[in-house]
1. Restricting attention to segment 67-93, report how many residues are crowded, with 19+ Cβ neighbours inside 10 Å and either more than 16 Å from Asp45 (Cβ to Cβ) or over 12 Å from the mean Cα position of the chain (by Cα) (or both).
2. Just the residues that are of a type in the set (A, V, I, L, M) and without any contact (Cβ under 8 Å) to a residue 60 or more places away in the chain, please, taken from segment 66-94.
3. Being of a type in the set (D, E, K, R), modelled with pLDDT of 95 or more and over 20 Å from Pro11 (Cα atoms) is the requirement here; does Lys52 meet it?
Amino acid sequence: MEPFQQVGASPALLLAPDDNIAVAVRDMPAGTTVRVGSFTVTLGDAVKVGHKFAVRAIPKDERIVKYGAPIGRAIADIAPGEYVHIHNVTSDYIPTYTFDAGHEFLPEAH
């Protein structure tokens with residue numbers, strides 16, 4: 001099997017061939033042009049190491065795919081190169097309202 005990405009000097013990783021986001025392996029300022037997998041995008045926002053950005057346009061309500069698995073859903077259209085985080089994604093697993101001030105997780109019932 002041929003690798004779908006050469007990771008040598010790339011500042012980002014596409015973790016699976018069908019992912020629509022990539023993960024930064026170093027801090028990158030807005031305006032950085034990144035080639036990752038078969039995609040080339042210019043970052044619209046600064047992206048810190050370990051954080052995600054879109055490698056292609058992601059329409060509102062489309063699944064965000066990382067490691068080849070859905071991790072959430074876009075709550076707004078996301079442009080290629082846009083920072084992907086809780087401001088434009090809702091989790092399919094953890095309610096994002098729990099991150100708002102004044103909210104906290106409830107203890108499990110036993």
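1. 1
2. Answer for segment 66-94, where residues must be of a type in the set (A, V, I, L, M) and without any contact (Cβ under 8 Å) to a residue 60 or more places away in the chain: Ala69, Ile71, Ala74, Ile75, Ala76, Ile78, Ala79, Ile86, Val89, Ile94.
3. When the stated conditions are applied, Lys52 does not pass them.
The values are calculated or read from the model by the stated rules, or taken from the named source; none is laboratory data. Please read these numbers as outputs of a predicted model, since none were measured by experiment. Neighbour counts are summed over all protein chains in view; Cβ atoms, including those assigned to glycine, are modelled from backbone coordinates with ideal geometry.
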